[in-house]
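Enquirer: Below is one structure. I have some questions about it.
Read-outs throughout are calculated quantities, based only on the coordinates presented, and are distinct from any laboratory measurement. In this text, all values refer to a predicted model and were calculated from it rather than measured experimentally. Every residue, glycine as well, gets a Cβ built from its backbone with ideal geometry; the counts of neighbours run over all protein chains shown.
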Amino acid sequence: MATKQLACTLEAGKKQKTWFAELRRDVFEAGKPYAIIQADTPHDLFQVMGVPVVTNQWWAAVISAKQLSQEYLDCMTALGYHEDLCRYCSLGLASTLVDLKERAPWGGLPKPALLCARLTCDCIQRIFSLWADAFGAEFIALEAPGSSLLPDRWWELSRHRWEELSEPYRVDLMVEELRKLIVSLEKLTGNQFDMIALRALLERVNQQEEYFEEAHRMIATAPKCPVRISEQITNVMAAQWHRGTDWALEHARNFRDEIQLRVNEGVAACPNEKLRLMWVGAGLWHNAGFYTAFEERYGAVFVWSMYLAFGPDWYIRYGLDDPLRALASRVVTMNEVLHNAPYAPEWIVKEARFNRIDGVVLLMPKGSRPSASGTLFIANALEAEGIPTLLVEADMVDSRGWDNDAAERAMVNFIEGRLQ
Amino acid sequence: MPDNMSLADNGSPSFRQLHAAYQDRYSEAKLARQSGKSIVGYVGNTVPVELIVAAGCYPLRLAPVSGSTATADHYIETFADIDTRLIVEQFMAGELDFLSLIIIPRSTESYHKLYLSLREVKRVGAASGGPDITLYEILHTQQRSSREYGLARTRDLVQRLSAIGAAAVDDRSLSDALVATNQTRDLLRRLQQARRSAERPPSGYAAHVVAVAASFLEPRSYNSLLANWLGESAWKTGRGPRLLVQGCPLEHAFLHHSVDLAGGLVVAEDGDWGARQAAPLIAGDGDPLAAIFEHYYAGVPCPRLFPHTLADRWFAETLRTDGIDGVIFYLPTPDDIYGWDFPNQRAAVEAVGLTWTLIRKDVRYPEERPAVATQLTAYLAALDARQRVQASQLTTIS
C-alpha cells in the first residue's frame, strides 16, 4: 500500500483508534450507553443527545481491512446463513455471532444500548433484529419510504429547496420518526433534547461540508490530483462519523488547508499522473492497494470517490428554522441519491465532467444487491457521455471472491484498450 | 409460459380454464381490454385489488415466470430478481401497453427498484410509451405513523383509480368489491381444507395452479371456476408425506410438480402465493377503505412486515398443526432476504421434531430440476424411513 502523504490522514487514523478504545473503556468500565447505527441514520441526533455511535459500515470496513471478513463470513455460512446474503451490512453482525476472542478487531464491539437502522433493503430489519437479539438490546427501525418525484439535477435542490426535493409528506413521516427516536434517546440518557443545540450542530455540519466542498473543488481543478482517494476517504469519513463536533470541524479545516498547501506548492499525489480515474461505489475495503496499482506503469490515478463529493452536495441544509425537519429531509432520501436512477447516474456524470475524468471504474457488488442494482444505469449514462466505464464485479468487504490478478488484467485491458 | 406438465387432473373443464389462466397470465385481461375494460397491472400481494375492482377495472398481477431478458439486461443487472427483469423486458417491448396503469407497492426493495427502473427506461428513451406507473407507498412497520402514512397514500391511490376507471371508488363500490374478494378468500380456504384432508387431497401441483390463477382472473370469474372445481372434486389424489414449503415466493408450480413426482405432497406454503392467499376475510362493516388498507398493511405475508415476530407467526403455528411431516426450505439464488430467517426457522422445525431439506436450485429452470428431483427423492426416502421407525416405535409402545 502507498505511503500516506498527508499528516491529516495519520491524525484521522489515530483519532478513530483512540476514540474506539475510549468507547470500549467507557462502556465496559463506566457502563455508559452507546449505539450501533447504519450510515444513513441521523447521527446528528445521537451526537446532540450525547450517545456515541459505531457506524455499521465503518465497522465492516475495519473488519475487512484487517482481513478478517473471510473468517467471519465462512463462520456465518456454517451457522446456516447462505452465501448469497448481503455481506456489507451483515459483517458487523457476524463479528457478534462469531467470537474470534483476542483476534477480534480492536477488541470487538461491546454491548450497545440500542441499534438503529433505516429499513432500506429488506434484509436490514432481519440483520438488525438478529443483532439486537444477540446483544439483548433494543432495535429502533426507521422507515424508508420511496420517492415518486425524482426530479432532475437533485443537487440543485438539496441545499435550499430540500423540502421540495424530499416531498413534504415523506418529511412529515420522518420528522415523526425522529421525534420517537429522540424520546428513546432521552430515556436512555436522562438528557432532555435541545432543539437549539441541534440547530447549532447542523450549522457546524454545514460548515464542515463547506470545507469539504473547497477541498473537492481544489482536487477537481488542480493540474494534478493532490491527494489520493484512499486518503480522501480516510479523512472525510473520520470527520463524517463525528460530524458537527469540534474535532470534526477542525479536521475538515485542516484537511482543506493541507490540500491547499499542496496545490499551492504544485505537489501531486502521483507526479506521473496521465489519466484521471473515478471509483464509483463503496470503497474496496479489503484491498485499498488496488487504487494505486496503476500509477507507476500508466500514470492512472484514482482521483474521485463519492465520499468527498457527496458531503457538500447532500449533507448541507441551509434554512435551519426547523432543524428537525431539515435533518429529516436529509435522512429520508440518503440512499436514493447514491444508488437510484435518475439521481445517481445524473450526479456521477456531473462529477465526472467536473473532475476531468478519463475513465470510470464502477463497483458491482453482487453480494450486496441493493447497492449493486442501478449500476448499469450509471454505466450507460457515463458511456453515453463518452466516458469509458469498466464494471468490476467484487464485494466491498468480502475478499473471498476477489481475484486480484483478474481484476488487474481487466484494468490493464481497460486502460490500454480504451483510455490510452 | 412454457409448461409441459401433465394437468394432474381428470380433465375437469374448470381446471382447464384455471390452468390456462395460470399458463397464459395476460390472456383473459387482454380479452377484457378488447371489450373496453381498463386493465390495471400490479406486482406483489399488497396492492388492494378491491380498489381496482371498485373502480370498474380488471386487476392483473404481473408475475412472469420465464422468457427472454435480452433487452432488459442492458439496463437491469442479471442478478436482479427474475420477475423484475422479465417485467422490464415486457414493458420495453410494449407487451404491457394494454394496461392503463401499473401499481408498484413499496413492499419489497426489489419492487421499489422495479419502479425506479421502469421510470428510468422511459426517461432515457429506452422505452417509448407504456402505461403510467405509480408507486404505492404502503409501509409495513407496525406503528401509528406508518399506518397513517399508508392510509393517506391509499386514499391517493383511490383518487388515481377513480380517474382512470369506469366508476368512482366509494364506500358502496368498495363494499361490493369486498363481497367478491372475500368470496375468493373463502373458496381458497376451502381449497386449503381439501389439501389438508386425509381423504382425497388434490396433488400439490393442481392445488397450487388453481391458487396462483386467482391473480390473473377477475374475482367473480375466478370464484365461479374455483367453486366448480371444488364442487366436482375431480382431481387426482395427492399422495405421500405431507410437506410445508417455506422461503421464496412461488409464483409457479414447478416445485410442487417436482415434489409430486418424487412421491411427496405439498399441502401448504408460506408466502404470498398458495395457502396464505386464504387470508382472513376483510370485515365489510365500518369504513371499508380502512379495513381494506389494514388487511394489506398488516394481514398478508410481506418481507417488510415488522416486527418480524408477526411475519413468523403463521409458520410457527402451522408447524405445530397435525398433518405436517416435513419442511422444504426453498431459497434459490439470488435470494438475499429469506435466507436470513433460515437458521431460526430450521431450529423451529427441529424443535417440533420434524425434518427439513434446503433447496437452493431454481426449479423454474429445466436444467436445475434433475438435481432438485434427486434431492427430493433422497429426502422423501429418509422421511419415509423415519416415519416407519416412528410407527414401529409407537406400535411397540402400545
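Enquirer: What net charge is computed for the residues neighbouring B:F329, neighbours being all others with C-beta under 11 Å from the C-beta of B:F329, Lys and Arg scored +1, Asp and Glu -1?
Expert: Taking every other residue near B:F329 into account, the sum is -1.
Enquirer: What average count of beta carbons from other chains do you get within 10 Å of the Cβ of residues in A:123-131?
Expert: 5
Enquirer: Which ³J(HN,Hα) values in Hz, rounded to whole numbers, follow from the phi angles of segment A:87-97 under the Karplus curve 6.51 cos²θ - 1.76 cosθ + 1.60, where θ = phi - 60° and Gly and Pro get x?
Expert: Result, ordered by residue: 9, 4, 7, 10, 5, x, 4, 4, 5, 8, 6 Hz.
Enquirer: If you consider only alpha-carbon coordinates, what radius of gyration and Dmax does segment B:344-398 have, in Å?
Expert: So, for segment B:344-398, Rg and Dmax equal 14.9, 48 Å respectively.
Enquirer: What do you get for Rg/Rh over chain A if you use C-alpha atoms and the Kirkwood form of Rh?
Expert: We get a ratio of 0.94 for chain A.
Enquirer: Farthest toward the dipole's positive end in segment B:237-309, which of B:A275, B:L289, B:G238, given Cβ charges of +1 (Lys, Arg) and -1 (Asp, Glu) about the Cα centre?
Expert: Of the options given, the answer is B:G238.
Enquirer: Ranked highest first by average number of other Cβ atoms within 10 Å, how do A:39-45, A:227-233, B:295-301 line up?
Expert: Descending mean neighbour count gives A:227-233, A:39-45, B:295-301.
Enquirer: Something else now. Using 7 Å Cα-to-Cβ label points, what is the A:I196/B:A298 separation (nm, one decimal)?
Expert: Using points 7 Å along Cα→Cβ, the separation is 4.1 nm.
Enquirer: For B:I133, which sequence-distant residues (separation of 5 or more, or a different chain) have an amide H within less than 5 Å of its own amide H, given hydrogens modelled in the peptide plane?
Expert: Under 5 Å from the amide H of B:I133 lie the amide H atoms of B:I102, each far enough along the sequence or on another chain.
Enquirer: If you don't mind, another one. For A:R297 and B:A20, what is the calculated FRET efficiency with R₀ set at 60 Å and r taken between the beta-carbons, to the nearest 0.05?
Expert: So, using R0 = 60 Å, E works out to roughly 0.45.
Enquirer: Averaged across orientations, what area in nm² does the convex hull of the alpha carbons in segment A:226-306 project?
Expert: Here the figure is 5.6 nm², rounded to one decimal.
Enquirer: Something else about it: Report the far tail of the P(r) of segment A:78-218, meaning the percent of Cα-Cα pairs longer than 28 Å.
Expert: Value for segment A:78-218 (Cα pairs over 28 Å): 41 percent.
Enquirer: If Rh is defined by the Kirkwood formula over all Cα pairs and Rg also comes from Cα, what ratio Rg/Rh do you get for segment A:149-285?
Expert: The Rg/Rh ratio comes out at 1.06.
Enquirer: Still on this structure: With respect to the cross-link table entries A:K111/B:K361; B:K113/B:K361; A:K14/A:K224, which display a Cα-Cα separation exceeding 31 Å?
Expert: Distance filter (> 31 Å) returns A:K111/B:K361.
Enquirer: From the C-alpha gyration tensor of chain B, pull out the three semi-axes of the equivalent ellipsoid (sqrt of 5λ each), sorted largest to smallest, in whole Å.
Expert: Ellipsoid half-lengths, sorted descending, are 35, 23, 22 Å.
Enquirer: Could you work out [θ]222 nm for chain B from helices alone, using -39500 (n - 2.57) per DSSP H run of at least four and dividing by all its residues? Round to the nearest 500 deg cm²/dmol.
Expert: About -15500 deg cm²/dmol.
Enquirer: Also, I was wondering about something else. Based on DSSP, what percent of beta bridges with both residues in the protein assembly as shown are antiparallel, to the nearest 5?
Expert: In the protein assembly as shown, approximately 5 percent of DSSP beta bridges are antiparallel ones.
Enquirer: For segment A:172-214, run through the trypsin sites (Lys or Arg not before Pro) and keep only the ones in DSSP coil with at most 15 other Cβ atoms within 10 Å of their Cβ.
Expert: Sites meeting the loop and neighbour criteria: none at all.
Enquirer: Explain nothing, just the number: relative contact order of chain A, from Cα pairs under 8 Å at least 6 residues apart, as a whole percent.
Expert: 20 percent
Enquirer: Enter the Cα centre distance for the pair segment A:345-384 and segment A:235-293, rounded to the nearest angstrom.
Expert: Centre-to-centre distance over Cα atoms comes out at 20 Å.
Enquirer: Let me ask something additional. If the protein assembly as shown were replaced by its equivalent ellipsoid, with semi-axes equal to the square roots of 5 times the Cα gyration tensor eigenvalues, what would those be, largest first, whole Å?
Expert: Gyration-tensor ellipsoid for the protein assembly as shown: 48, 30, 27 Å.
Enquirer: DSSP beta bridges in chain B, what fraction antiparallel, as a percent rounded to 5?
Expert: Antiparallel bridges make up about 5 percent of those DSSP assigns within chain B.
Enquirer: Which percent of Cα-Cα pairs in segment B:174-294 sits in each 5 Å bin, short to long?
Expert: Bins of 5 Å from zero give 2, 12, 21, 22, 19, 12, 7, 4, 2, 0 percent of pairs.
Enquirer: Before anything else, pin down the relative contact order of segment B:239-397: Cα pairs under 8 Å, at least 6 apart, normalised by residue count, whole percent.
Expert: 28 percent
Enquirer: Here is a further query. Please give the FRET efficiency for A:R153 paired with A:V183, using the beta carbon to beta carbon distance and R0 = 35 Å, rounded to the nearest 0.05.
Expert: E between A:R153 and A:V183, to the nearest 0.05, is 0.40.
Enquirer: Take every residue in peptide B:328-336, count the Cβ atoms of other chains within 10 Å of its Cβ, and give the average of those counts.
Expert: 3
Enquirer: Under a 5 Å amide H to amide H cut-off, with H placed in plane at 1.01 Å, what residues pair with B:E269 once short-range neighbours are removed?
Expert: Excluding prolines and chain starts, which carry no amide H, the hits are B:V245, B:A275, B:R276.
Enquirer: Can I ask one more? Could you give the dipole magnitude of segment A:1-41 about its Cα centre, charging the beta-carbon of Lys and Arg +1 and that of Asp and Glu -1, in debye to the nearest 20?
Expert: Charge dipole of segment A:1-41: 160 debye, to the nearest 20.
Enquirer: Based on the alpha-carbon gyration tensor of segment A:182-221 and its eigenvalue square roots a ≥ b ≥ c, which shape applies: rounded if a/c is under 1.5, prolate if not and a/b is larger than b/c, or oblate?
Expert: Note, shape of segment A:182-221 comes out prolate.
Enquirer: Residue by residue, what Karplus-based ³J(HN,Hα) values in Hz, rounded to whole numbers, does segment A:56-62 have, using 6.51, -1.76 and 1.60 with θ = phi - 60° and x for Gly and Pro?
Expert: Rounded to whole hertz, the list is 4, 5, 5, 5, 4, 5, 4.
Enquirer: Something else about it: What average count of beta carbons from other chains do you get within 10 Å of the Cβ of residues in B:72-79?
Expert: Per-residue shielding by partner chains comes out at 5.
Enquirer: Tell me, Kirkwood radius of segment B:239-397 from alpha-carbon pair distances, in Å?
Expert: For segment B:239-397, the Kirkwood estimate is 17.0 Å.
Enquirer: Would you give the gap between the C-alpha center of segment B:12-87 and the C-alpha center of segment A:1-37, rounded to a whole Å?
Expert: 53 Å
Enquirer: Can you give me the Cα centroid spacing of segment A:68-129 and segment B:106-179 in angstrom?
Expert: Centre-to-centre distance over Cα atoms comes out at 35 Å.
Enquirer: If you don't mind, another one. Tell me, what HN-Hα J-couplings in whole Hz come from the Karplus equation 6.51 cos²θ - 1.76 cosθ + 1.60 at θ = phi - 60° for each residue of segment A:252-257, using x for Gly and Pro?
Expert: 4, 5, 4, 4, 4, 5
Enquirer: So what is the 222 nm mean residue ellipticity for chain A from helices alone, if each DSSP H run of at least 4 adds -39500 (n - 2.57) and you divide by all residues, rounding to the nearest 500 deg cm²/dmol?
Expert: So the helix-based figure for chain A works out to -16000 deg cm²/dmol.
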